[in-house]
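Below is one structure, written out as structure tokens; the observations come after it.
Where a number appears in this text, it was derived from the coordinates with a stated rule and is not lab data. Remember, predicted model here, so these are calculated numbers, not experimental data. Neighbour counts are summed over all protein chains in view; Cβ atoms, including those assigned to glycine, are modelled from backbone coordinates with ideal geometry.
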Amino acid sequence: MKLIDGGVCAAQGFRASGLHAGVKTHNLQKKDVALIVSDVDCAAAAVFTKNVVKAAPIHVDKAHLTDGRARAIIANSGNANACAPMGKENAEAECAAVAKALGIPAENVLVSSTGVIGQTLPVKVIEDAVPELVKNLTASAEGSDAAACAIMTTDTVKKEVAVETSVGGKTVRMGGIAKGSGMIHPNMGTMLCFLTTDCAISSEMIHAALLDTVGVSFNRISVDGDTSTNDTCCVLANGLAGNELITEKNAAYGEFLEALQTLAIALAKKMASDGEGAKHLVTCTVTGAADEKTAETVCKSVISSTLTKAAVFGADANWGRVLCAMGYSGVEFDPEKVNVWFASTAGSIEVCHQGRGLDFDEMLAKTILTEHDVEINVQMGEGKAACTCWGCDITYDYIKINGDYRT
């Protein structure tokens, strides 16, 4: 397996585009509508937010995916189309506009939105932009770049990844773009993410693979503890790679799943690293847990801890906040078996041994925590299970960004 260029256009038969349609009125230079299209019908699957309050596009997508098939995705930023007048009607209008331009059924189009909640989506500007979006579709990396930029809100960088691997003896490519910077919390990774592949796989198996993937990637990141109304992760597989159709969890499925998880974890880490106002990517690895669920629960508690995030921001090796977060995670463990290390490219330092503080070098610890990528490593001494989750620090800028987000 290797990383390649191309994002959602890396796989055979996929094209993409993005442009400024007018959803965002405060900055006419920012793209705000993206389109991703396959040359042929695809097996498709998606997972959505667990928030009880769901945006209109999610309800439309669930209906359109009942047959496990799709061919195109239209997505806009600048307006969430959530809790908004005419929400479902406007989401369906976006699908209808794409369907008309491509000559396909509206049920084969998926739709996503991200941005401010509660405001009516200016669907007319999107409908008017669809012909140009279709005209601009390209299978080059530029197409993926345009689409990736068009779904950004408070993101500071675009997020796209692509990989190439072998499935059933055939070369298979898959790629993805995502947006996510705030309202990120483990509960079906809070974000928009669109994945494409030319692998031949059934609708049932691609749904299973997506569920197996989300659990170890997007469900293991946290920025601020909030779960959005619009979270969507969907995958399209058009089968143009020519491998034997995957219809069961066999060796080929395992090869496909490994690549999909590699792709998703890379995108998840990009989202955690780009947390609103963040200065550090925080990787927490828990080892020696009684079982994987325990390790995951403890891991999530540590990366979600506001006080731990603040300590990382201040380059303060306050390991007590790590133990505190472990303690209120809801799992039972013996604190006197716990060891904690902080690490980065500047080195590694043990700060807690068997639940007690060590006389460590504070200056070295501060140097370690000053690096962009920071690791918190926890050894529980309870068993052999492990888990890794990703988060970020919390900064003054997070308050500023969200204090004036609507205005």
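Some points to look at:
- Beta bridges per DSSP, both residues in the chain: antiparallel share near 70 percent.
- Ranked 334, 316, 198, criterion: other C-beta atoms within 10 Å, fewest first: 334, 316, 198
- Here the scattering of segment 281-403 is modelled by Debye summation over its C-alpha atoms, one equal scatterer each and no solvent; at q = 0.09, 0.16 Å⁻¹ the log10 of I(q)/I(0) is -0.22, -0.70.
- Projecting the Cα atoms of 312, 4, 21 onto the dipole axis of the chain, where Lys and Arg carry +1 and Asp and Glu carry -1 at the beta carbon, places 21 farthest toward the positive end.
- Principal axis extents of the C-alpha atoms in segment 1-127 (largest first, rounded to whole Å): 42, 35, 31.
- Since only 265, 240, 33 are under comparison, the one whose Cα sits farthest along the positive direction of the charge dipole of the chain, derived from C-beta charges on Lys, Arg, Asp and Glu, is 33.
- The alpha carbons of the chain occupy a box of 69, 52, 35 Å along the principal axes, longest dimension given first.
- Overall form of segment 255-317: oblate. Here a/c, set by the Cα gyration tensor axes a ≥ b ≥ c, is 1.5 or more, and a/b is not larger than b/c.
- Calculated [θ] (222 nm, deg cm²/dmol) that DSSP helices of n ≥ 4 give over the chain, each run adding -39,500 (n - 2.57): -10000 deg cm²/dmol
- Residue exposure proxy: 260, 211, ordered by other Cβ atoms within 10 angstrom of their Cβ from fewest to most, comes out as 211, 260.
- Per residue, the average separation of C-alpha pairs within less than 8 Å and at least 6 apart gives the chain a relative contact order of 17 percent.
- For the peptides 345-352, 321-328, 32-39, the ranking by mean Cβ contacts within 10 Å, running from highest to lowest, is 32-39, 321-328, 345-352.
- Anisotropy class of segment 28-90 from Cα gyration tensor, a/c 1.5 cut: oblate
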